[in-house]
Amino acid sequence: MLSRKRLTPKKVFLFVYDLGASLIAMLLAIFIINNGSLPLAQWRVFTATWFVLPITALIIFALVGFYDQMWAFARGSQYLVLVAGTSLQLILSVLIMQIMDIHFSFACYVLYWFLLTAAVFIIRFIYRFYSSSARVKRTGNDRMSQKKVMIVGAGEAGSQIITELKTSLTDRVPLLLIDDNPLILNYKNNGVPVLGNRHDIPDLAEKYDIDEIIIAIPSASRNTIRDIVDICYETDSRVSILPFYTQLQDSKVRLTDVRDITIEDLLGREEVDLNLEQISRYIRGKTVLVTGGGGSIGSELVRQIAAYRPSVLLILDIYENSVYDLQQDLIATYGNSLNLQVLIGSVRDQRRVAQIFDQWKPDLVFHAAAHKHVPLMEDNPCEAIINNVYGTYNVARQAGRTKTEHFVLISTDKAVNPTNVMGASKRMCEIIALALNKVYKSTSFAAVRFGNVLGSNGSVIPLFERQIKEQKRVTVTDPEVTRYFMTIAEASSLVLQAGAYAEGGEIFVLDMGRPVKIIDLAKDLIRLSGYIPEEEIPIDIIGLRPGEKMHEELHLDKEETLETENEKIMILQQIEDSLYLDAEVSHLTRLSRCSTVGLCPFMDSILHILREADKKSADELKMLLPEIPDNNLAAQLYLTEREY
């Protein structure tokens, strides 16, 4: 009912109007059915039942929400409420009149329904039209003061954007549509004409002095979006976009969804197809540990894992600031429904890692902690070995000792044919995971290998964005250098899917799509920031840094890959020939340039395990496990006592 709290003059007017319309509609129906006359018998029926119509209208119209709708912004679904309301009101009225044994003819009831529906519809449509006109006047009395908008995409999304622009408080006015379908050329959608296809965008933008181009094709492939954006770059107009349907709330289009183009929109990568049920079974109710959980990949893994409702979610990181921010985000999102434990510590600390595994006994471990910056690791090679190689071994051995179900190593394309310390260290981590999978039969060890992720800490994109913001020269190492890229969210979700596939001993390789020229990436970012590459923001070629490669690889040419259920995840057919591995590890240790931390004898022990794996039992292989070279004898004894 109409509560005083929500009572407004507009609602009072609509209420009185609807009650009056219910009476007048019946009188008109009687009058029309009887060819312009009002028979005495019909008048008596009306006077005996007149109160039924307004009472039922009051009850039904209030219940279905006639007076709670924002008619100034009404859409088709809201007008259906009117039809439902008048239909229910008629049914209730007829039932009451039947009980009273007084009623009108069937034809009279039908005509009454049409007249009442038309009456309540017309008054609300007039109000919507008046409100829309008033808003247009408030936002600018003439079209010249408004921003002229071109909408690319004449489908449902484009139509909804036109409606939003026409009914919202905005200074933007939809002027024309672009669509590649030649059959709708010159047709109007919601009053806006379709004047050309994507190739006509530059000419039409200049002809109509377009201020903004909105790409409204949320179902389009990323390659299509890339092509359209490139064409839009030829204009002086601002370019905006609607996200993909999967990124829209309830797949509904709203004006607030329109945003600036981002670099993720330009990479030509399609949405990830996941087996969500399988991932849920893999994670739900488990104790999950993410090392390096405050980093770029680690934090996204944590966020996605949290959505699958683990029993306990453990975040291990040495940097408390980044992990604190993540903790607060998760608390704000999940409150007490998520059992979140933040553990400060280093994967290099044998005592701390052992204590964590003894206390929590995680079911799943995602090992994302690592030093990853190539130039820094070239200058600090021993730190790369200690943190990456020994840190991985430390965590992986504890996972095996406490019978963790799955250990998933986050690897990198730089581990293939490495030319730097970081890549060499990560390849050794993969070999360690392979060896420990032979030793600990209760734990499945696997690695997931992929390339660069967009926007990760210290990556090239934040560097370019900072240089552009400061209007400095953008520095590119070589005009031909390429890299693989994917979004952090995509990489993380595929890591979870690969983990669910893992049976032990696999190296999963993610399909990274086409390699991207770094110079093209720089130009895209310059354009997205509103500048012209080379003219307004120069690009300097500074040469490759120590240890860098021109092009990365995801696997060796002689290595084959097997398909999985997900087309973006492949399993590497690894070369396990002992002579090949001996030569490879010898090359990796030389490349590491660190002879002071016991790397050579350590890796020799790992290779020995691989050579003996088919000849010895798991217990015998455990006896071959090396200790981490460490001057802290107490830490070694602590681990040794708990190993078996």
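Table for the structure above
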item	result
Degrees, to the nearest 10: 52-64 long Cα axis against longest axis of the chain	10 degrees
Crossing angle, helix 488-501 versus the chain [Cα axis fit, 0-90 degrees, rounded to tens]	70 degrees
Mean separation of Cα contacts under 8 Å (6+ apart) over length of the range 547-628, as relative contact order %	19 percent
Separation in nanometres of the label points that stand 7 Å from Cα toward Cβ, at Thr477 and Tyr17	6.9 nm
Least to most buried among Asp349, Asp358, Asp413, Asp101 (fewest other Cβ within 10 Å first)	Asp101, Asp358, Asp349, Asp413
Cys with no candidate disulfide partner in the chain (beta-carbon separation under 4.7 Å rule)	Cys108, Cys232, Cys429, Cys600
Whole-angstrom Cα spans of the range 166-226 along principal axes, big to small	33, 23, 23
Surrounding net charge for Glu612, when Lys and Arg each add one and Asp and Glu each subtract one, Cβ distance under 10 Å	+2
Added length on full extension, which subtracts the Cα-Cα distance from 0.36 nm per residue, Lys207 to Arg226	4.5 nm
Amide proton proximity set for Ile569, modelled H, under 5 Å, gap of 5+	Asp511, Thr564
Across Lys426/Lys517; Lys441/Lys549; Lys286/Lys438; Lys414/Lys568; Lys438/Lys558, pairs whose alpha-carbon gap is larger than 26 Å	Lys441/Lys549
Set of aspartates and glutamates with alpha-carbon distance to Lys615 below 20 Å, sequence-local pairs under 8 removed	Glu576, Asp577, Asp582, Asp604
The range 276-576: relative contact order in percent, alpha carbon pairs under 8 Å with at least 6 residues between	17 percent
Neighbourhood charge, 15 Å Cβ-Cβ cut-off, centred on Met26 and excluding it, Lys, Arg +1 and Asp, Glu -1	0
Antiparallel DSSP beta bridges within the range 143-261, as percent of all bridges there, nearest 5	20 percent
Peptides 550-558, 159-167, 477-485, 611-619 ordered by average Cβ neighbours within 10 Å, highest first	159-167, 477-485, 550-558, 611-619
From the coordinates shown, Kirkwood radius over Cα pairs in Å corresponds to which of [x] 31.1; [y] 34.1; [z] 29.8	[z]
Theoretical FRET efficiency, 1/(1+(r/R0)^6), r = Cβ-Cβ of Ile91 and Thr596, R0 56 Å, to 0.05	0.05
Rounded, prolate or oblate (a/c below 1.5 giving rounded, otherwise prolate when a/b exceeds b/c) for the range 143-261 by Cα gyration tensor	rounded
Cross-link reach list, lysines versus Lys148, counting only Cα pairs under 25 Å and skipping chain neighbours closer than eight places	Lys137, Lys166, Lys188, Lys207, Lys252
Degrees, to the nearest 10: 9-33 long Cα axis against longest axis of the chain	50 degrees
Protection-proxy order for peptides 327-336, 90-99, each taking the mean of Cβ atoms within 10 Å per residue, highest first	90-99, 327-336
Counted charge near Ala368, where neighbours are those whose Cβ lies closer than 14 Å (Asp, Glu -1; Lys, Arg +1)	+2
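Only the coordinates and a few stated rules stand behind these numbers; no lab work does. None of these values were measured; they are calculated from a predicted model. Positions of Cβ are backbone-derived with ideal geometry, glycine not excepted, and every protein chain shown enters the neighbour counts.
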